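See below for the structure under consideration.
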Amino acid sequence: MTNRRKFLKASAFTGIGLGAGVLTRLFAQNGSAVRTAPNSEVFKSGLVLSTWDAGIPANEAAWKAMESGGNALDMAEKGVNDTEANFSNLTVGLGGFPDRDGHTTLDACIMDSTGNAGSVMFLEHIKHPASVARRVMEKTPHVILVGEGAYQFALSEGFPHDSYVSEESQKAWKEWLKTSQYKPIINIENHDTIGLIAMDTQGDLAGACTTSGMAFKMRGRVGDSPIIGGGLYVDNEVGAATSSGLGEAVIRTCGSFLVVEAMRHGASPQEACEEAIQRIKMKHTNYKDFQVGYLAVNKAGEIGAYAIHPGFTYSLHKLGTNKVYKSASLLDN
Ligand code: GLY
């Protein structure tokens with residue numbers, strides 16, 4: 001463990017030693033965190049980072065949005081829209097696995113570079129929940145709309161009712177009903193989210209996260225993906241983070257917010273993701289039974305990725321390439 005990492009563990013994250021000296025060291029005069037200078041090759045050339053292999057086409061769509069003059073927010077929205085529109089995806093959008101009662105319900109959120117955020121939860125029959133989340137952010141005084149209210153708002157904004165039902169998802173649900181037992185299957189049932197972080201040619205950050213959530217969840221269950229600070233957090237001064245995996249564990253530990261705050265206090269994106277996974281381990285005796293993965297980007301365009309189990313992958317579009325990478329993990333099983 002590096003000295004700085006020891007310091008982070010002993011001070012910033014436990015509250016010990018956060019005296020005036022430490023604060024002076026960590027914070028700039030205006031109260032913002034000291035951060036990596038945005039002078040890297042990536043800064044202002046654009047970057048897209050997203051969860052899982054399915055992030056590759058999402059990254060492409062985000063990149064196209066940037067090339068058409070879009071900002072980081074447009075990139076984030078268009079990127080995840082691509083995944084939502086793919087009805088063969090069983091964990092995002094209307095093709096996703098249903099809840100225990102056979103209904104596919106969708107969660108999504110979006111956050112821009114100014115700290116604005118929008119979210120929809122428990123939304124049915126709308127193809128692009130992330131776009132509805134953007135409208136909540138831009139057109140209402142609220143951050144979150146849920147269920148019927150979110151659906152009615154979507155209709156009022158011109159989003160069409162979509163009655164698509166996935167045969168494959170329904171078949172899987174009927175099979176599940178035979179036992180009705182729930183046990184997450186690591187990296188299969190849990191690769192359940194697209195979380196995408198975009199940096200545009202101004203060096204600004206935004207993100208979006210969208211999912212049909214845990215397969216065969218209780219009706220009304222909402223995971224981390226639409227929760228600001230849970231499945232996604234963006235602070236344009238510091239960086240951004242997103243998560244995938246068992247939402248309950250991410251929510252309990254304010255996962256993406258924790259990652260960004262760790263970066264604010266000087267951690268690299270990689271160290272910050274590791275810190276958030278360690279926090280899950282500390283708070284969950286059963287942490288070996290489920291998967292969570294985090295991705296992070298800082299203002300210099302450096303990235304981090306870390307998961308509980310091996311198998312978490314991410315897609316990174318930067319400097320002319322768009323490739324899938326394997327995340328490091330806490331466990332080596
Ligand atoms: N990470 C997505 C969910 O738990 O719903």
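The values are calculated or read from the model by the stated rules, or taken from the named source; none is laboratory data. Computed from a predicted structure; not experimentally measured. Here Cβ is always computed from backbone atoms with ideal geometry, including for glycine, and neighbour counts include all displayed protein chains.
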(request) Sort out for me the helices (runs of 4 or more DSSP H) sitting completely within the range 108-181 that have 2 or more residues that are in contact with a strand residue (DSSP E or B) (Cβ under 9 Å, 6 or more places away or on another chain). (result) 129-139, 147-156
(message) So His103 passes all but one of these: (1) in contact (Cβ under 8 Å) with a residue 40 or more places away in the chain; (2) crowded, with 16+ Cβ neighbours inside 10 Å. Which condition number does it fail?
(response) (2)
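Let's see how each residue does on (1) crowded, with 21+ Cβ neighbours inside 10 Å; (2) farther than 30 Å from Ile126 by Cβ:
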| position | (1), (2) |
| --- | --- |
| Thr193 | yes, no |
| Met218 | no, no |
| Tyr233 | yes, no |
| Asn236 | no, no |
| Gly245 | yes, no |
| Glu248 | no, no |
| Arg252 | no, no |
| Ile280 | yes, yes |
(message) If Thr114 meets every condition in (1) out of contact with any helix residue (DSSP H, G or I) (no Cβ under 7 Å at 6 or more places or on another chain); (2) under 19 Å from Gly158 (Cβ atoms); (3) surrounded by fewer than 22 Cβ atoms within 10 Å (Cβ to Cβ) apart from one, which number is that one?
(response) (2)
(request) Among the candidates Ala54, Ala61, Ala65, single out the residue that is among the aliphatic types (A, V, I, L, M), closer than 24 Å to Tyr164 by Cα and out of contact with any Ser or Thr (no Cβ under 8 Å at 6 or more places or on another chain). (result) Ala61
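Filter the range 319-333 down to the residues that are modelled with pLDDT of 95 or more and of a type outside the set (Gly, Ala, Ser) and list them by number. Even if it seems obvious, please write down each step before you answer.
The initial filter retains those residues of the range 319-333 that are modelled with pLDDT of 95 or more, namely 321-331.
Residues satisfying the conditions are Thr321, Asn322, Lys323, Val324, Tyr325, Lys326, Leu330, Leu331.
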(message) Conditions first: (1) more than 14 Å from the ligand (Cβ to nearest atom); (2) at pLDDT below 95; (3) of a type outside the set (A, V, I, L, M); (4) on the phi > 0 side of the Ramachandran plot. Gly239 passes all but one, so which condition is the exception?
(response) (2)
(request) Considering only residues that are touching a helix residue (DSSP H, G or I) at 6+ places or on another chain (Cβ under 8 Å) and among the small types (Gly, Ala, Ser), look in the range 202-219 and name the one that is nearest to the ligand (Cβ to nearest atom). (result) Gly213
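With respect to Ala272, is the statement that it is in contact with a Phe, Trp or Tyr (Cβ under 6 Å, 6 or more places away or on another chain), free of Cβ contacts under 8 Å to residues at least 60 places away in the same chain and either under 20 Å from Met111 (Cβ atoms) or away from the ligand (no atom under 16 Å from the Cβ) (or both) true?
No, not satisfied.
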(request) Would you mind finding the one in Ala305, Ala296 that is within 11 Å of Thr242 (Cα to Cα) and surrounded by fewer than 24 Cβ atoms within 10 Å (Cβ to Cβ)? (result) Ala305
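Report, by residue number, each residue of the range 91-117 that is touching a Ser or Thr at 6+ places or on another chain (Cβ under 8 Å) and away from the ligand (no atom under 15 Å from the Cβ). If you could, list the steps in order and put the result at the bottom.
At the first step, the residues of the range 91-117 found to be touching a Ser or Thr at 6+ places or on another chain (Cβ under 8 Å) are 91-100, 104-110.
Those that are touching a Ser or Thr at 6+ places or on another chain (Cβ under 8 Å) and away from the ligand (no atom under 15 Å from the Cβ): Leu94, Gly95, Ile110.
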